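Participant: Take a look at the following structure, please.
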Amino acid sequence: MIEVSAPSNIALIKYMGKTDRVGNLPTNPSLSVTLEELRTSVRVSKLSQEGEDDWKPLMEEGFSVHLSSSGRLRFLSFLSELKREMNVSDALLVESGNNFPSDCGLASSASSFAALTKGVYAYAKKAGLINRELSLEELSQLSQRGSGSSCRSFFSPFSVWESEGAKSIDVGFEAFKHFALVFEGEKKEVSSSKAHVQVLSSLNFLGRPERATKRLSMLLDSFQGGNWKAAYEICWAEFWDMHSLFETSTPSFGYLNGPAVSCLNEIRSMWSHFDDGPLVTMDAGPNIHLLFRSEEGERALKNWISPLKKRFPDMSVVGS
């Protein structure tokens, strides 16, 4: 039996749109922060009787996951692909679970597919089925075929993903203090996989790869130059750019709800008041990610998280 885990990640410069759906090749480079506290755990074991691979939810305290029939099929299909790559012929049981809500905009597929890739590799390695060590870059590229954004979960604390694959990147400092403001923990009506296809119909997608590439360069310059406010403005513009693609696609769709929009307005007002604050971003979901400089921990709770929780009592907070 093999047990591994992998973290989620949140992109500051977004991956949305593909040049190749099979290989999950992105239309533009992206930059992400690894969220070590949001993890998927995977247990891989050999089935006692030969047959088809199977998936079950991991029955461990603090971990939960529910896969739809299509999600389960996607997960098991990629398991088969990994087995072929790593010479595994055993029928496997995979048990997985997240310590955070799934399929609601907290990038559960990134951590899930990264953990699955690590688990099958560890199983094959222990069984002596592969004769060399695979690098993080190689495992990342394998995982990318199952879920594009999962390739960034192999590197910490920051990862950049370009056409040739993901890799670690030094942005000038080590870590953030991360909080996710969860307004909805239910499964999304439009999955991220479908969103990648539908956004191509938006007229706003024209020039999108160029805008994202430009913002990546600007954001890295802001980090290196210590211009935190500029970094905030770039991240803010970037996630709204992504959500505008959803709303202007054919057919249009969206993830934002009223409380989330109200909270974003409140955050912007607080930023104006303090002339400082967190980086703000959103994934393909209604939930908001706040990224504070690591030394801002106590001040973040006092000045930001507590007031926001009071203002939005139905909101839950995930993070450290």
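The values are calculated or read from the model by the stated rules, or taken from the named source; none is laboratory data. A quick note: this is a predicted structure, and the numbers were derived from the prediction, not measured. Ideal geometry is used to build each Cβ from the backbone, glycine not excepted, and the neighbour counts take in all protein chains shown.
Participant: Consider Leu220 carefully, then state whether it is in contact (Cβ under 8 Å) with a residue 24 or more places away in the chain, crowded, with 20+ Cβ neighbours inside 10 Å, under 24 Å from the mean Cα position of the chain (by Cα) and over 15 Å from Met16 (Cβ atoms).
Facilitator: Numbers: in contact (Cβ under 8 Å) with a residue 24 or more places away in the chain: yes; crowded, with 20+ Cβ neighbours inside 10 Å: yes; under 24 Å from the mean Cα position of the chain (by Cα): yes; over 15 Å from Met16 (Cβ atoms): yes.
For Leu220, the condition - in contact (Cβ under 8 Å) with a residue 24 or more places away in the chain, crowded, with 20+ Cβ neighbours inside 10 Å, under 24 Å from the mean Cα position of the chain (by Cα) and over 15 Å from Met16 (Cβ atoms) - is met.
Participant: Could you identify the single residue in Ser32, Ser111 that is modelled with pLDDT of 95 or more, outside the structural domain of Ile234 (by TED's automatic domain parsing) and at negative phi? First the steps, then the outcome.
Facilitator: Numbers: Ser111 fails: modelled with pLDDT of 95 or more.
On inspection, the qualifying residue turns out to be Ser32.
Participant: Separate question: Consider Leu25 carefully, then state whether it is over 17 Å from the mean Cα position of the chain (by Cα) and assigned by TED's automatic domain parsing to the domain that holds Ser143.
Facilitator: Values: over 17 Å from the mean Cα position of the chain (by Cα): no; assigned by TED's automatic domain parsing to the domain that holds Ser143: yes.
It is false that Leu25 is over 17 Å from the mean Cα position of the chain (by Cα) and assigned by TED's automatic domain parsing to the domain that holds Ser143.
Participant: Next question, about the same structure. Among the residues of the range 195-224, count how many are in contact with a strand residue (DSSP E or B) (Cβ under 8 Å, 6 or more places away or on another chain) and among the charged types (D, E, K, R).
Facilitator: 1
Participant: Quick check on the range 228-246. Is at least one of its residues surrounded by fewer than 14 Cβ atoms within 10 Å (Cβ to Cβ), in contact with a helix residue (DSSP H, G or I) (Cβ under 7 Å, 6 or more places away or on another chain) and either in contact (Cβ under 8 Å) with a residue 60 or more places away in the chain or not hydrophobic (A, V, I, L, M, F, W, C) (or both)?
Facilitator: No: the range 228-246 contains no residue that is surrounded by fewer than 14 Cβ atoms within 10 Å (Cβ to Cβ), in contact with a helix residue (DSSP H, G or I) (Cβ under 7 Å, 6 or more places away or on another chain) and either in contact (Cβ under 8 Å) with a residue 60 or more places away in the chain or not hydrophobic (A, V, I, L, M, F, W, C) (or both).
Participant: What are the residues in the range 255-276 that are of a type outside the set (Asp, Glu), farther than 18 Å from Asp241 by Cβ and either touching a Lys or Arg at 6+ places or on another chain (Cβ under 9 Å) or outside the structural domain of Trp228 (by TED's automatic domain parsing) (or both), if any?
Facilitator: Ser262, Cys263, Trp271
Participant: Among the residues of the range 152-166, is any surrounded by fewer than 23 Cβ atoms within 10 Å (Cβ to Cβ), among the β-branched types (Val, Ile, Thr) and modelled with pLDDT under 95?
Facilitator: Within the range 152-166 (the criterion being surrounded by fewer than 23 Cβ atoms within 10 Å (Cβ to Cβ), among the β-branched types (Val, Ile, Thr) and modelled with pLDDT under 95), the answer is no, since none of the residues qualifies.
Participant: Mind listing just one residue for me: the one in the range 267-320 that is over 23 Å from Tyr255 (Cα atoms) and among the hydroxyl-bearing types (Ser, Thr, Tyr) and, of those, surrounded by the most Cβ atoms within 10 Å (Cβ to Cβ)?
Facilitator: Looking at residues that are over 23 Å from Tyr255 (Cα atoms) and among the hydroxyl-bearing types (Ser, Thr, Tyr), I get Ser294.
Participant: Right, next: Report, by residue number, each residue of the range 258-285 that is touching a Leu at 6+ places or on another chain (Cβ under 6 Å) and in a loop (DSSP other than H, G, I, E, B).
Facilitator: Passing the criteria: only Pro278.
Participant: Every residue in the range 119-152 that is of a type outside the set (Ser, Thr, Tyr), touching a helix residue (DSSP H, G or I) at 6+ places or on another chain (Cβ under 7 Å) and closer than 13 Å to Glu3 by Cα, please.
Facilitator: Within the range 119-152, just Val120 meets the criteria.
Participant: Counting only residues that are among the basic types (Lys, Arg), give me the strands (runs of 3 or more DSSP E) lying completely in the range 1-105 with at least 2 of them. Steps first, answer last, please.
Facilitator: Details: elements: 2-13, 18-20, 30-46, 54-57, 92-98.
Hits in the range 1-105: 30-46.
Participant: Across the range 177-208, what is the number of residues that are within 17 Å of Lys18 (Cβ to Cβ) and among the aliphatic types (A, V, I, L, M)?
Facilitator: Within the range 177-208, residues that are within 17 Å of Lys18 (Cβ to Cβ) and among the aliphatic types (A, V, I, L, M) number 6.
Participant: Which residues, counting only those in the range 268-320, are basic (Lys, Arg) and closer than 14 Å to Lys177 by Cα?
Facilitator: Arg293, Arg299, Lys302
Participant: May I pose another question? List, please: which pairs have Cβ atoms under 7 Å, are six or more places apart or on different chains, and start with a residue in the range 187-207 that is in contact (Cβ under 8 Å) with a residue 40 or more places away in the chain and end with one that is of a type in the set (D, E, K, R) and surrounded by 13 or more Cβ atoms within 10 Å (Cβ to Cβ)?
Facilitator: Lys187/Asp103; Lys188/Asp103; His196/Lys18
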